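Notes follow once the structure below has been shown.
The values are calculated or read from the model by the stated rules, or taken from the named source; none is laboratory data. It should be emphasised that the depicted structure is a prediction, and the values quoted were computed from it without experimental measurement. Cβ: placed from backbone, ideal geometry, glycine included. Neighbour counts: every protein chain shown.
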Amino acid sequence: MVPIFFVYFSLVSILAGVLTVALRSPVHCGLALLTLLLHVAGLFVLLNAEFLFAVQIIVYAGAILVLYLFVLMLLNLKSDERYLHSKYAVMLFAAIAICGEFV
């Protein structure tokens, strides 16, 4: 049962990390970061590192991310329309990242 949870937490962590840098809205990026931090905390539980789990939840997901989202909402940032994300640029970045994993 533990390998199933490990795969789940790992895949969702990777997906949330990609969404954190890929989304245009700063608030949505912050929520994706929250998802990433909570799933990393789940990985700590599976590794029997309860102290790191508690620190991850209390310090990072609890305090720092709430402060980050508060500042984002206080500044009232809009999504940046200057950058046009083409499919080719995303595919090029993905190809470079995958090749970098094997080097």
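Are there any pairs with C-beta distances below 6 angstrom linking a residue in region 29-48 that is aromatic (Phe, Trp, Tyr) to a residue that is outside any helix (DSSP H, G or I) and buried (at least 19 other Cβ atoms within 10 Å of the Cβ), with the two at least 6 apart or on different chains, and if so which? So the pair list comes out empty. Yes or no: Phe9 more than 18 Å from Ala61 (Cβ to Cβ) and either out of contact with any Asp or Glu (no Cβ under 7 Å at 6 or more places or on another chain) or at pLDDT 90 or above (or both)? The answer is no for Phe9. The number of residues in region 70-92 that are among the polar types (S, T, N, Q) and either closer than 16 Å to Leu23 by Cβ or modelled with pLDDT of 80 or more (or both) comes to 1. Against the test of being surrounded by 15 or more Cβ atoms within 10 Å (Cβ to Cβ), touching a helix residue (DSSP H, G or I) at 6+ places or on another chain (Cβ under 9 Å) and more than 22 Å from Ala94 (Cα to Cα), the options Leu23, Leu36, Leu52, Leu19 yield a single qualifying residue, Leu52.
For region 49-69, the count of residues that are modelled with pLDDT under 80 and of a type outside the set (Val, Ile, Thr) is nonzero.
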